[in-house]
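Student: For reference, the structure I am asking about is given below.
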Amino acid sequence: GQQPENEPFKNVVKLDDRGYVIAGESCLPDGAEKGIFVAGDCRQKSIRQITTASADGAVAALAACRYIDSL
């Protein structure tokens, strides 16, 4: 998590100057198309721990379920 490998996605989501995806606690990347979610240590955040990455996964999964249900 200390060196994100998000370069392949730079045309899909916005990255900060360190290469992390710019996304808030909702796990929805800023300015990305609908249906894209980001979780864990690839996301811009202040704390990088297994517990926070796991929580991101739950948040992103629920957001993805809501998105799929809305189709």
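The values are calculated or read from the model by the stated rules, or taken from the named source; none is laboratory data. Remember, predicted model here, so these are calculated numbers, not experimental data. Note that each Cβ is placed from the backbone with ideal geometry, even for glycine, and that neighbours are counted across all protein chains shown. Surface accessibility is based on the protein's heavy atoms, side chains included, excluding ligands, DNA and RNA. Shrake-Rupley method; radii C 1.70, N 1.55, O 1.52, S 1.80 Å.
Student: Within the stretch 30-43, restricting attention to residues that are modelled with pLDDT of 90 or more and farther than 21 Å from I68 by Cβ, which residue is farthest from the chain's Cα centre (by Cα)?
Tutor: So, considering only residues that are modelled with pLDDT of 90 or more and farther than 21 Å from I68 by Cβ, the one farthest from the chain's Cα centre (by Cα) is D30.
Student: Which residues, taken from the stretch 46-71, are part of a loop (DSSP other than H, G, I, E, B) and touching a helix residue (DSSP H, G or I) at 6+ places or on another chain (Cβ under 7 Å)?
Tutor: Narrowing the stretch 46-71 to residues part of a loop (DSSP other than H, G, I, E, B): 46-49, 71.
Within the stretch 46-71, just R48 meets the criteria.
Student: If I go through the stretch 8-29 residue by residue, how many of them are open to solvent by less than 70 Å² (accessible area, probe 1.4 Å) and either under 10 Å from the mean Cα position of the chain (by Cα) or among the basic types (K, R) (or both)?
Tutor: Of the residues in the stretch 8-29, 9 are open to solvent by less than 70 Å² (accessible area, probe 1.4 Å) and either under 10 Å from the mean Cα position of the chain (by Cα) or among the basic types (K, R) (or both).
Student: Out of the residues in the stretch 62-71 that are without any contact (Cβ under 8 Å) to a residue 24 or more places away in the chain and open to solvent by less than 90 Å² (accessible area, probe 1.4 Å), state the one that is nearest to the chain's Cα centre (by Cα).
Tutor: Once the filter is applied, the top-ranked residue is C65.
Student: Another question, then. Quick check: is even one residue across the stretch 30-48 aliphatic (A, V, I, L, M), surrounded by 12 or more Cβ atoms within 10 Å (Cβ to Cβ), without any contact (Cβ under 8 Å) to a residue 12 or more places away in the chain and closer than 23 Å to G19 by Cβ?
Tutor: Within the stretch 30-48, not a single residue is aliphatic (A, V, I, L, M), surrounded by 12 or more Cβ atoms within 10 Å (Cβ to Cβ), without any contact (Cβ under 8 Å) to a residue 12 or more places away in the chain and closer than 23 Å to G19 by Cβ.
Student: Can you tell me which of (1) on the phi > 0 side of the Ramachandran plot; (2) surrounded by 15 or more Cβ atoms within 10 Å (Cβ to Cβ) is the one T52 doesn't meet?
Tutor: Here T52 clears every test but (1).
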